[in-house]
Amino acid sequence: MNERPVRIAILDDYQHVAMRSADWSSLEGRAEITVFHDHQAKHDALVQRLQPFDAICVMRERTPITATLIDALPRLRLIASTGRGNASIDLDAAAARGVEVVHTNYSSTPTIEFTWAAILGLMRGIATEAASLRAGGWQVGLGSELEGKTLGILGLGRIGSKVARIGQAFGMPVIAWSQNLQEETASALGVRRVSKQELLSDSDVLTIHTRLSERTRGLIGAADLAAMKPTARLVNSSRGPIVDEAALVDALRAGRIAGAAVDVFDDEPLPADHPFRSLPNVLATPHIGYVTEEMYRTFYGDTVRNLVDWLDRRST
């Protein structure tokens, strides 16, 4: 009897680009590949979908690979994730089941560039003005300049430090705070280290660049938003739950802050009736901070190499 072929699933290929972002020919004749272009959030349906597969390829945290899911997939032997880490994979559960987890290379460049696209788009009302033009209208609002305004950065690490440098090029004074930020780190970048309260009260633009963890979940809540200037804008291209989503909606509806650019959400894809889809002072995008052709070539190219390496080790 012929051995059952290895079956590989590629999840959440929203843009139908996985197969053209890399050369998959090295897997021909060695594995059957199935690509899923939709997102399946319901556990039972997801289990039914994935039960036939030996390996699953996940794009960042789009589909959480929980202990419950792993336990329900007896054939699963490999989780191939994009990025250098994936907090939504239960690594302990995978290890306990003997499921290998592999990752890919990653670049911060797309997120850094996207952050400034979001800041500029928000400050100049680009989405609103473009929509007016498409609808047959003309100018509908006034933009705001960046020079001389204070850029606040929550998290001055790999991404935040480069965002700071670009802000300085725009002529913005830059301040920063995080739970672990050291004075010498900030000073070396020409950034003023401040308290959390000063970060909130002094920022004209507050952008978030810290990891999601139990310490940072809900780090910006209702009281923090109330401490911001009514003319301030908030930008979140990090992770949705760092900001209390309901509190942010309330602050935006009440005009307690001028606006927000939001690329990350508590639930993704964003529900169709979510207020972020309709609030006039929100620039909302569908978690595209890292979504570029170059990044996808890295993600899927490395994924192919990880799969080939895994198959080679299985055959020895």
Once the dipole of region 109-284 is set up from charges on Cβ (+1 Lys and Arg, -1 Asp and Glu), the residue from the list P275, I220, A247 lying farthest towards its positive end is I220
Here region 301-306 yields Karplus 3J(HN,Hα) values (6.51, -1.76, 1.60; θ = phi - 60°; whole Hz; Gly and Pro given as x) of x, 5, 4, 4, 4, 5
Gap separating the Cα centres of region 46-70 and region 231-258, nearest whole Å: 32 Å
Residues of region 147-171 with amide nitrogen under 18 Å from the 7 Å Cα-to-Cβ point of R192? 147-156, 164-171
Counting only residues 5 or more apart in sequence or on a different chain, those whose built amide H sits under 5 Å from that of R7 are E32, D54, A55
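Could you tally the net charge around S203, taking each other residue with its Cβ under 13 Å from the Cβ of S203, Lys/Arg +1 and Asp/Glu -1?
+1
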Under the rule rounded for a/c under 1.5, else prolate if a/b exceeds b/c, else oblate, using alpha carbon gyration tensor axes a ≥ b ≥ c, region 16-152 is classed as prolate
Nearest 0.05, what FRET efficiency do Q15 and R215 give at R0 = 41 Å with Cβ-Cβ as r? 0.75
Gyration tensor on Cα atoms of region 1-84, a ≥ b ≥ c root eigenvalues, a/c under 1.5 rounded, else prolate if a/b beats b/c, else oblate, says oblate
To make sure I understand the rule: partners must be aspartates and glutamates, Cα under 15 Å from the Cα of K196, and not fewer than 8 residues away in the same chain. Which ones qualify? E183, D204, D224
Give me a comma-separated list of calculated 3J(HN,Hα) values for region 126-139, in order, Karplus coefficients 6.51, -1.76, 1.60 applied at θ = phi - 60°, integers in Hz, x for any Gly or Pro. 4, 4, 5, 5, 5, 5, 4, 4, 4, 7, x, x, 9, 4
Loop trypsin sites (Lys or Arg not before Pro), region 1-54 (other Cβ atoms within 10 Å of the site Cβ: 14 or fewer; DSSP): K42
Taking the dipole of region 45-86 about the Cα centre (Lys, Arg +1; Asp, Glu -1; charges at Cβ), the one of A67, Q51, T82 that reaches farthest to the positive side is T82
Any idea what Rg and Dmax come out to for region 118-251 if you just take the C-alpha atoms, in Å? 15.5, 53
In region 252-267, which residues have a backbone nitrogen under 16 Å from the label point lying 7 Å from S132's Cα in the Cα-to-Cβ direction? none
For the chain, modelled as a GNM with alpha-carbon contacts under 10 angstrom, which of D273, D13, D38 fluctuates the most? D273
Taking θ = phi - 60°, what integer Hz values does the Karplus form 6.51 cos²θ - 1.76 cosθ + 1.60 yield along region 252-257, in sequence order, with x for Gly and Pro? 6, 5, 7, x, 6, 10
Tally Lys and Arg at +1 and Asp and Glu at -1 over the other residues with C-beta under 9 Å from the C-beta of W310: what net charge comes out? 0
Is the chain rounded, prolate or oblate when judged by the Cα gyration tensor, a ≥ b ≥ c being the square roots of its eigenvalues, rounded requiring a/c under 1.5 and prolate requiring a/b larger than b/c? prolate
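Values in this text are rule-based calculations from the coordinates and carry no lab data. Keep in mind the model is a prediction, meaning the values are calculated, not measured. So basically every Cβ, Gly included, is an ideal-geometry build from the backbone, and we count neighbours across all protein chains shown.
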